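J.: Handing you a structure now.
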Amino acid sequence: MNFSVDERGYYGEYGGAYIPEILFNNIEELQKNYLNIMEDKCFQKEFESLLRHYVGRPTPLYLAKNLSSEFKTTIYLKREDLNHTGAHKINNAIGQILLAKQLGKKRIIAETGAGQHGVATATVCALMNLECIVYMGQADIERQAPNVARMKLLGAKVRPVNSGSKTLKDATNEAIRDWINNAGDTHYIIGSVVGPHPYPDMVARFQSVISKEMKDQLLNQTGSELPTHVIACVGGGSNAAGAFFHFSENKTVKLIGVEASGKGIDSGHTAATLVAGRPGVIHGSKTYLMQNEDGQITEPYSLSAGLDYPGIGPLHAYLFDKGRATYLHVTDAEALDAAFNLSRTEGIIPALESAHAVAALQKLKFEKSDVVVINLSGRGDKDLDTYINYLNEKADGKQD
Amino acid sequence: MENRIDKLFAAKKRNILSVFVTGGFPKPESTLPIIEELDRAGVDMIEIGIPFSDPIADGPVIQNSNEVALENGTSLKKLFGELKMLRSLTEMPVLMMGYLNSVLQFGLENFYKTCYNTGIDGLILPDLPLDEYFSDHKALAEKYNIHLVFMISPSTSPERIRLIDQHSRGFIYLVSSNATTGNDNGVKNELDQKVKELNSMNLNNPIIMGFGIKGSKDFGRACSLVNGAIIGSAFISQLTESATIEGVVSDFIRSITTPKNIFQL
Ligand SMILES: Cc1ncc(COP(=O)(O)O)c(C=O)c1O
């Protein structure tokens with residue numbers, strides 16, 4: 001099964017480019033050029049060199065012995081948290097900034113939820129000396145303060161967004177509006193496998209380095225390049241797409257995406273799009289989204305800013321419909337517990353987003369002989385406040 | 001049956017004034033009275049916006065009107081309900097304008113059929129790709145006599161303008177500048193060149209300019225270039241500031257159609 005788009009920019013019936021006419025030239029320019037640029041030898045050399053020397057790739061594939069004995073199987077962590085800037089987002093940001101330079105763009109815009117994509121974009125813009133504007137929902141600015149400070153230090157302008165639920169969806173709307181108003185000189189670095197074609201495919205390809213490395217590393221460490229399970233959290237779905245990508249033809253590998261169910265699937269406060277949503281059009285792409293009967297996009301909820309999104313990349317919509325990947329969901333509380341557990345058992349503090357993938361271990365049954373890879377998409381520095389608050393609440397709860 | 005949009009353009013070639021208003025704004029049930037007032041004030045054509053939670057091509061004014069309309073409980077279903085008496089009140093061409101998701105969730109055939117039954121003449125869906133128009137919409141639009149109006153921008157290439165001209169029905173919507181709605185760009189000088197290019201192409205469709213047309217000066221200039229113009233954000237701002245619609249609509253339209261006095265910039 002192919003994990004790339006067809007020539008029209010669709011995965012089955014999902015994807016496409018649903019954009020206002022003003023963006024037609026920009027999107028067409030990207031559609032016509034992205035594959036040529038990405039397949040160009042010079043481009044690849046520069047991309048790989050930056051990933052190696054600047055980002056610090058390959059990231060380790062770490063055999064988590066304590067976690068493995070707890071779950072009575074073999075569990076590896078793909079350490080995307082060890083990338084420069086602390087998450088997988090930088091893989092895509094490096095790729096897109098090189099592409100933007102090729103296309104002669106002078107100004108870079110981005111949206112961000114958790115701030116990881118914003119930090120990654122601000123970082124590559126500093127590196128390439130390009131103007132950088134990051135749209136971020138006011139609610140996310142408040143809950144991810146360390147990343148806001150980092151972006152500012154890196155020289156990016158962070159523009160607060162106050163519409164809707166003041167989170168990732170609204171930041172994305174505002175970035176699209178900026179692009180409409182500045183189509184000529186601006187490249188929009190979208191942070192996930194969402195948006196109009198070619199973004200989902202382009203971002204998946206830039207992130208596919210994750211599964212490429214996994215295969216090499218598994219072969220080295222286990223003698224087989226194939227695991228039994230690959231688990232990744234899904235907001236828009238870029239780290240999952242990257243972790244799944246090179247296993248597309250390996251049907252024995254169970255691909256497991258983990259959405260955030262917030263306070264619970266039936267609570268009305270959730271971001272688990274594949275459960276709570278149905279197909280429609282969001283941010284230029286046909287895919288599953290959470291919406292009411294009238295087609296109004298509903299406000300998602302997750303404690304985790306990076307998963308707090310009412311849509312999902314069209315690739316995942318397709319893999320879900322076809323049954324090629326399985327999608328689970330994890331609540332705020334389950335993710336928090338998993339974050340603590342990983343901190344205490346392995347000495348690794350994960351991002352709250354990535355903790356959702358770790359929490360999925362509780363929901364799966366493993367054989368002793370299984371080889372499970374969890375894509376640890378980011379580190380938890382940005383979430384310390386959230387974690388400490390939860391610890392304090394728990395302590396208070398115990399005293400009562 | 002002849003489409004009212006075609007009838008209008010057959011009878012009137014210049015200075016066509018079209019007004020956009022978000023459905024269900026500023027009050028529930030105010031859309032029909034606004035249409036009546038606009039008709040009385042001599043407007044030629046109306047676009048009714050389908051309120052949407054995430055209007056990505058719109059600036060702050062129309063965004064806000066969408067929010068208010070949704071807070072008022074407006075849904076597409078309710079809006080159609082409200083417009084039931086439309087054709088007992090006016091023979092002016094009326095289009096609906098909105099985002100594709102609203103139409104998809106209503107159900108395509110159901111949507112076109114309800115448009116037909118309501119007396120809607122045209123539809124503008126800025127995020128509907130041409131390909132999908134061919135595969136999913138064209139047959140329905142023809143069956144129910146709804147004109148699909150497509151947009152071009154100052155940066156649309158001549159080949160694409162040809163393609164759009166071939167498929168747009170009623171008119172072509174020329175976006176005045178590469179910007180969201182309600183921008184302050186006005187009718188820029190660069191447009192003269194674009195319009196020259198358009199005129200030399202001998203297009204099938206008349207052209208109406210929209211986005212950022214604010215007062216009589218913009219309207220006058222737009223009409224000197226193309227067949228007419230659409231006013232949206234400026235009208236909605238006026239409605240936002242006024243407690244009632246009585247008098248406001250006719251005063252506003254008069255301010256657009258009478259030559260600009262030098263004090264109102
Ligand atoms: C650490 C981390 N993981 C995951 C995500 C979710 O994005 P995606 O689903 O595109 O990987 C984010 C987004 O901000 C993130 O910061």
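J.: Please list, ordered by residue number, the helices (runs of 4 or more DSSP H) wholly in the range A:135-215 having 3 or more residues that are within 16 Å of the ligand (Cβ to nearest atom) and within 14 Å of chain B (Cβ to nearest Cβ).
T.: Because the criterion is at least 3 residues that are within 16 Å of the ligand (Cβ to nearest atom) and within 14 Å of chain B (Cβ to nearest Cβ), the helices (runs of 4 or more DSSP H) in the range A:135-215 that meet it are A:168-181.
Condition check ((1) of a type in the set (Ser, Thr, Tyr); (2) more than 13 Å from the ligand (Cβ to nearest atom); (3) within 14 Å of chain B (Cβ to nearest Cβ)) across all residues:
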{"position": "A:221", "(1), (2), (3)": "no, yes, no"}
{"position": "A:224", "(1), (2), (3)": "yes, yes, no"}
{"position": "A:231", "(1), (2), (3)": "no, no, no"}
{"position": "A:236", "(1), (2), (3)": "no, no, no"}
{"position": "A:250", "(1), (2), (3)": "no, yes, no"}
{"position": "A:267", "(1), (2), (3)": "yes, yes, no"}
{"position": "A:301", "(1), (2), (3)": "yes, yes, no"}
{"position": "A:316", "(1), (2), (3)": "no, no, no"}
{"position": "A:327", "(1), (2), (3)": "yes, no, no"}
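J.: Test residue A:321 against the stated conditions and say whether it is surrounded by fewer than 24 Cβ atoms within 10 Å (Cβ to Cβ) and touching a helix residue (DSSP H, G or I) at 6+ places or on another chain (Cβ under 8 Å).
T.: Answer is no for this residue.
J.: Among the residues in the range B:131-146, are any at negative phi, part of a strand (DSSP E or B) and in contact with a Gly (Cβ under 9 Å, 6 or more places away or on another chain)?
T.: No: the range B:131-146 contains no residue that is at negative phi, part of a strand (DSSP E or B) and in contact with a Gly (Cβ under 9 Å, 6 or more places away or on another chain).
J.: Of the numbered conditions (1) within 14 Å of another protein chain (Cβ to nearest Cβ); (2) in contact with a strand residue (DSSP E or B) (Cβ under 7 Å, 6 or more places away or on another chain), residue A:296 satisfies every one except a single condition; which is it?
T.: In the conditions (1) within 14 Å of another protein chain (Cβ to nearest Cβ); (2) in contact with a strand residue (DSSP E or B) (Cβ under 7 Å, 6 or more places away or on another chain), residue A:296 misses (2) alone.
Residues are listed down the side, and each one gets a yes or a no for (1) of a type in the set (Val, Ile, Thr); (2) in contact with a strand residue (DSSP E or B) (Cβ under 9 Å, 6 or more places away or on another chain):
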site: A:55; (1), (2): yes, no
site: A:58; (1), (2): no, no
site: A:63; (1), (2): no, yes
site: A:77; (1), (2): no, yes
site: A:81; (1), (2): no, yes
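J.: In the range A:58-75, which residues are away from the ligand (no atom under 16 Å from the Cβ) and farther than 20 Å from residue A:370 by Cβ?
T.: A:58, A:60
J.: Condition test on residue A:400, is it at pLDDT below 95, within 16 Å of the ligand (Cβ to nearest atom) and not assigned by TED's automatic domain parsing to the domain that holds residue A:198?
T.: The answer is no for residue A:400.
J.: Also, I was wondering about something else. Can you find a residue that is under 16 Å from residue A:203 (Cα atoms) and more than 14 Å from every other protein chain (Cβ to nearest Cβ) anywhere in the range A:48-62?
T.: So far as the range A:48-62 goes, yes, one or more of its residues are under 16 Å from residue A:203 (Cα atoms) and more than 14 Å from every other protein chain (Cβ to nearest Cβ).
J.: Given the conditions (1) assigned to a strand (DSSP E or B); (2) within 16 Å of the ligand (Cβ to nearest atom); (3) more than 17 Å from residue A:334 (Cα to Cα); (4) not small (Gly, Ala, Ser), and given that residue A:374 satisfies all but one, which numbered condition is not satisfied?
T.: So the condition that residue A:374 fails would be (3).
J.: Would you confirm, using the coordinates I've provided, whether residue A:78 is among the basic types (Lys, Arg), within 16 Å of the ligand (Cβ to nearest atom), modelled with pLDDT of 95 or more and under 12 Å from the mean Cα position of the chain (by Cα)?
T.: Against the criterion (among the basic types (Lys, Arg), within 16 Å of the ligand (Cβ to nearest atom), modelled with pLDDT of 95 or more and under 12 Å from the mean Cα position of the chain (by Cα)), residue A:78 does not qualify.
J.: Quick check on residue A:211: is it free of Cβ contacts under 8 Å to residues at least 40 places away in the same chain, over 30 Å from residue B:182 (Cβ atoms) and among the polar types (S, T, N, Q)?
T.: Answer is yes for this residue.
J.: With more than 16 Å from the chain's Cα centre (by Cα) and on the phi > 0 side of the Ramachandran plot as the only criterion, which of A:104, A:137 stands out?
T.: Criteria check complete, one pass: A:104.
J.: Now a separate question. Any idea how many residues of the range A:351-370 are closer than 29 Å to residue A:116 by Cα and away from the ligand (no atom under 14 Å from the Cβ)?
T.: Going through the range A:351-370 one residue at a time, the tally reaches 4.
J.: So, restricting to strands (runs of 3 or more DSSP E) that lie completely within the range B:13-108, which ones have at least 1 residues that are of a type in the set (A, V, I, L, M, F, W, C) and within 14 Å of chain A (Cβ to nearest Cβ)?
T.: Correct list: B:94-97.
J.: Additional query: In the range A:274-293, how many are more than 10 Å from chain B (Cβ to nearest Cβ) and assigned to a strand (DSSP E or B)?
T.: Here the count works out to 3.
J.: Going by the conditions given, is residue A:87 surrounded by 19 or more Cβ atoms within 10 Å (Cβ to Cβ), within 20 Å of residue A:242 (Cα to Cα), at pLDDT below 95 and within 16 Å of the ligand (Cβ to nearest atom)?
T.: Against the criterion (surrounded by 19 or more Cβ atoms within 10 Å (Cβ to Cβ), within 20 Å of residue A:242 (Cα to Cα), at pLDDT below 95 and within 16 Å of the ligand (Cβ to nearest atom)), residue A:87 does not qualify.
J.: Among the residues of the range A:253-273, is there at least one that is small (Gly, Ala, Ser), assigned to a loop (DSSP other than H, G, I, E, B), buried (at least 17 other Cβ atoms within 10 Å of the Cβ) and in the same structural domain as residue A:230 (by TED's automatic domain parsing)?
T.: Yes, there is a match, as at least one residue in the range A:253-273 is small (Gly, Ala, Ser), assigned to a loop (DSSP other than H, G, I, E, B), buried (at least 17 other Cβ atoms within 10 Å of the Cβ) and in the same structural domain as residue A:230 (by TED's automatic domain parsing).
J.: Tell me the residue from B:243, B:222 that is surrounded by fewer than 19 Cβ atoms within 10 Å (Cβ to Cβ) and away from every other protein chain (no Cβ under 14 Å), please.
T.: B:243
J.: Residues B:183, B:178: which one is surrounded by 21 or more Cβ atoms within 10 Å (Cβ to Cβ), within 14 Å of another protein chain (Cβ to nearest Cβ), at negative phi and assigned to a loop (DSSP other than H, G, I, E, B)?
T.: B:178
J.: Follow-up. Can you find even one residue in the range A:96-106 that is farther than 19 Å from residue A:353 by Cα, surrounded by 23 or more Cβ atoms within 10 Å (Cβ to Cβ) and within 16 Å of the ligand (Cβ to nearest atom)?
T.: Checking the range A:96-106: at least one residue is farther than 19 Å from residue A:353 by Cα, surrounded by 23 or more Cβ atoms within 10 Å (Cβ to Cβ) and within 16 Å of the ligand (Cβ to nearest atom).
J.: For the range B:114-130: of the residues being closer than 17 Å to residue B:104 by Cα and in a helix (DSSP H, G or I), which is farthest from the other protein chains (Cβ to nearest Cβ)?
T.: B:116
The values are calculated or read from the model by the stated rules, or taken from the named source; none is laboratory data. Remember, predicted model here, so these are calculated numbers, not experimental data. Every residue, glycine as well, gets a Cβ built from its backbone with ideal geometry; the counts of neighbours run over all protein chains shown.
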